[in-house]
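Take a look at the structure set out below.
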Amino acid sequence: MVMLEKRENEHKSALKLVKTGGYFILFGIFIGVTMGVYSLFNPPLFSIFTNISNYEAVSFFLGMYLPSFIIILAIGYIFATTSNLEKFNLWRTATLCSLIILCLALSALSILNILSFLGGIIILAAIIFVHTKPTFKAFWRREACFFVEAGTILIASSSALFLLMFLISGFLQTYSAGVYEVSYTYPYLLFLMIVLSLLVFLVTPFLCLHGSNVGLCGIIGLIVGVLSFMTIIRNQFVLFNQSVWQGIFLWGMGIILVFIGALTNFKLFFTEIESPTLESSYLYKGNFCPYCGEYWVDADKVICSTCGRNLFGKLEKSFCPHCGHLVIQDVKNCPHCGEYVASLPVYISPRKIEEEKLFKEIRKPGKLQKTLDSLLEYINAIIDRIGLSFKEFIYMNILIFLLVFLAFFVYVKTELIIGTPWYIVFHYGFPLEWLEVKAYFPTKTSIRIVMPAIILNFILCVLSAFVIVYGFKKLYDRIT
């Protein structure tokens with residue numbers, strides 16, 4: 001009972017934000033539909049708000065605006081009547097965030113629903129805050145997870161909005177999708193961004209909060225951020241529709257948040273790498289790992305051989321280092337063995353310090369040698385932490401070659417330029433077009449290679465191959 005009251009008090013402010021956002025959605029959608037009905041009887045005003053011709057205004061209002069009104073009204077009612085947030089797991093969070101994606105996409109279809117749009121953003125921030133529980137006293141796991149989770153939902157919302165605008169433009173001739181020269185791959189690319197964003201949303205807590213794979217989490221977040229950035233740069237938005245501004249706002253904020261979370265995860269990954277300067281003189285007297293509770297194998301090491309965490313990392317320690325039993329936070333003595341657990345049982349070995357000094361005096365490397373040795377040690381520590389074998393490294397290179405091959409041959413965009421002379425332009429490369437071939441008639445041909453695009457494409461292929469190989473390795477290790 002006490003724990004339930006404590007949890008309710010922790011979520012009280014977040015619950016107020018969720019209800020406030022729900023009231024914003026309800027109030028905003030009622031204002032929007034009232035102004036929509038008034039504008040419907042004043043076609044020039046309606047055309048300003050939606051950029052659609054007068055003779056298709058009724059079709060848009062009855063076919064899109066009123067169904068959106070009903071859906072947003074139901075979503076706003078769900079959030080406004082939310083009574084508690086104490087039972088809050090990943091699947092409930094995913095369900096609520098799916099409703100937010102739908103709410104933001106439908107609200108952004110018209111500038112009249114701007115209050116509902118803002119209400120959806122407020123609810124998203126509150127729900128992700130309750131799910132990840134960041135303190136913002138320092139940028140660590142929970143803060144990184146908060147940014148990645150919120151950013152991916154914003155990216156999914158913007159992709160859903162542009163996909164809806166594209167579908168509406170197929171039914172209404174005068175409705176602008178906001179994009180110039182839409183290719184056949186445009187809707188599939190938007191749908192792919194929605195799927196990738198939702199997958200990252202589901203995977204991030206397991207990698208970032210409940211595991212030690214913050215490096216992999218950073219790579220996945222960075223890939224989604226880069227793909228989203230390239231998608232929004234590649235699409236030539238003409239901004240003839242007010243909804244495009246809201247979509248670009250969602251997309252831009254999502255990309256920024258995902259980048260911040262990914263970079264924070266990279267920082268955690270590198271700070272948890274074994275430090276040679278600490279390893280030589282610091283010895284651990286505990287018998288068990290304070291992070292995973294497994295038996296501590298080597299006292300001369302500051303890295304757990306089971307979970308791979310650094311002993312001196314700024315993470316929450318959950319197990320007693322003396323008996324290996326689970327202990328709650330902020331206790332001074334273990335309830336199982338009675339040992340003091342407020343600080344780790346670590347001591348400094350004078351003998352090892354003397355050996356280290358003697359070794360340095362004998363060796364006396366130059367500045368360049370010191371720099372190279374430090375760099376090599378750091379690279380070896382990263383490779384050891386990643387844990388890829390030579391065979392898996394070969395698989396990764398083969399996969400890189402296949403991805404580069406597919407990116408070049410699968411995607412071809414043709415553009416006919418009528419002029420003097422007229423010619424056909426072939427664009428190769430996915431997702432960035434890095435090769436441009438111009439075929440002038442009758443015989444002349446010119447080729448142009450875009451170096452920044454080909455470099456970014458190769459980096460994406462390398463990162464994607466690493467994620468696939470590393471993910472299959474971790475999945476296989478977990479199964480076996």
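Here residue 305 and residue 435 are evaluated by their C-beta separation; at R0 = 51 Å the FRET efficiency comes out at 0.60. Sequentially through the stretch 71-84, phi angles give Karplus couplings (6.51, -1.76, 1.60; θ = phi - 60°) of 5, 5, 4, 5, 5, x, 5, 4, 6, 5, 9, 5, 9, 8 Hz, Gly and Pro residues having no value and appearing as x. Identify the residues of the stretch 45-79 with backbone N under 13 Å of a label point that sits 7 angstrom from the Cα of residue 38 along the Cα-to-Cβ direction, or state none. The answer is 45-46.
Here is the link list: 413/438; 301/391; 285/474; 137/301; 301/474. Which ones come out longer than 22 Å on Cα distance? Table pairs above 22 Å Cα-Cα are 301/391; 285/474; 137/301; 301/474.
Which net charge results when you count Lys and Arg as +1 and Asp and Glu as -1 among the other residues whose beta-carbon is under 12 Å from that of residue 449? Spell out each step's value before the answer.
Numbers: positive: 448; negative: 433, 436.
So the surrounding residues net to -1.
Between residue 125 and residue 424, the modelled label-to-label distance comes to 5.3 nm, taking each label 7 Å out from Cα in the direction of the beta carbon. The listed peptides 241-250, 54-63, ordered by packing as a protection proxy, come out as 241-250, 54-63 (highest mean of other Cβ atoms within 10 Å first). Stretching residue 58 away from residue 402 to a fully extended chain increases their span by 118.8 nm, per 0.36 nm per residue minus the current alpha-carbon distance. Packing-based ranking of 27-36, 122-131 yields 122-131, 27-36, ordered from highest to lowest mean Cβ neighbour count within 10 Å.
Applying the Karplus relation 6.51 cos²θ - 1.76 cosθ + 1.60 with θ = phi - 60° to the stretch 250-261 yields 3J(HN,Hα) values of 4, 5, x, 5, x, 4, 4, 5, 5, 5, 4, x Hz, where x marks Gly and Pro.
Taking amide H atoms as placed 1.01 Å from N in the peptide plane, the amide H of residue 333 lies under 5 Å from those of 341, each 5 or more residues away in sequence or on another chain.
Given R₀ = 35 Å, FRET efficiency for residue 78-residue 459 by Cβ-Cβ distance, to 0.05? Don't jump to the answer; show the numbers that get you there.
Details: r = 42 Å, r/R0 = 1.19.
For residue 78 and residue 459, the calculated efficiency is 0.25.
If r is the Cβ-Cβ distance from residue 238 to residue 174 and R0 is 22 Å, what FRET efficiency results, to the nearest 0.05?
Working: r = 14 Å, r/R0 = 0.65.
My answer for the efficiency is 0.95.
Fewest-first ordering of 477, 330 by other beta carbons within 10 Å of each residue's beta carbon gives 330, 477. For the stretch 159-164, backbone phi angles converted through the Karplus equation (6.51, -1.76, 1.60; θ = phi - 60°) give residue-by-residue couplings of 5, 5, 4, 5, 5, 4 Hz, Gly and Pro being listed as x.
Each reported figure results from applying straightforward, stated rules to the coordinates on display, with no laboratory input. All values derive from a computational prediction rather than experimental measurement. Note that we place each Cβ from the backbone using ideal geometry, even for glycine, and neighbour counts take in every protein chain shown.
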